[in-house]
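A quick write-up on the structure given underneath.
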Amino acid sequence: MASDNDILFSEKQQFRQWWIWLLLVCLNAPFVAGVIKQIGWGQPFGDDPMTNTQLICAASTVALLTIFILSIRLETQIKPDGIYVQFYPFHFSYRYYPWNALRKSYVRQYSPIGEYGGWGLRLGAFGHGKAFNISGSKGLQLEFTNGERLLIGTNKPEELNTVLAGIGQLKQ
């Protein structure tokens, strides 16, 4: 018999799309070049260069933003007693959703931009409920007994469907 601590399904996602990497490289490259040229080689960077302190502060801010974006992760676990979700660094611990709080739970195709305005921690501004999503267009739709909705993005829809069906929690 499974205990409530047994993990039946686990998924960890991070922002690793090529276009995010391209954006981060394009954002960081001028600051790295500026630091090398102005501080390393002693030549002013640009027509109206920042002071060395300003350049270091700007480069550090962009680097910290990059580290922040790369640290974001969505972790989902299905256990016999419910669903556990952590969207780090916005949630420092798992959010727990017990099965008895759910009216429906099913995997579905969705439009990240059309329904939620994009990826990330979406707080329901588009009328479709909240969403935690990193990539793709498939997710675990939860409909709670209080009428609220939450979509949790997944890159393992078939495995998630199989687990939910296997424990009798695939409710459409």
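Each value in this text was obtained by applying a stated rule to the coordinates, not by laboratory testing. All values reported here derive from a predicted model rather than from experimental measurement. Glycine gets a Cβ as well: all are built from the backbone with ideal geometry, and neighbour counts include every protein chain shown.
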Task: Fluctuation leader among SER105, SER135, SER60 - the chain, Gaussian network, Cα springs under 10 angstrom - done: SER60
Task: Residue of GLY139, GLY153, GLY114 that the Gaussian network model of the chain assigns the largest fluctuation, springs spanning Cα pairs under 10 Å - done: GLY114
Open item on the list: What does the net charge come to around SER10 if you take all other residues with beta carbon closer than 13 Å to its beta carbon, with K and R at +1 and D and E at -1?
Closed with: 0
- [ ] For LYS156, list the lysines whose Cα falls under 23 Å from its own Cα; do not include residues on the same chain fewer than 8 positions away.
- [x] LYS12, LYS79, LYS104, LYS130, LYS138, LYS171
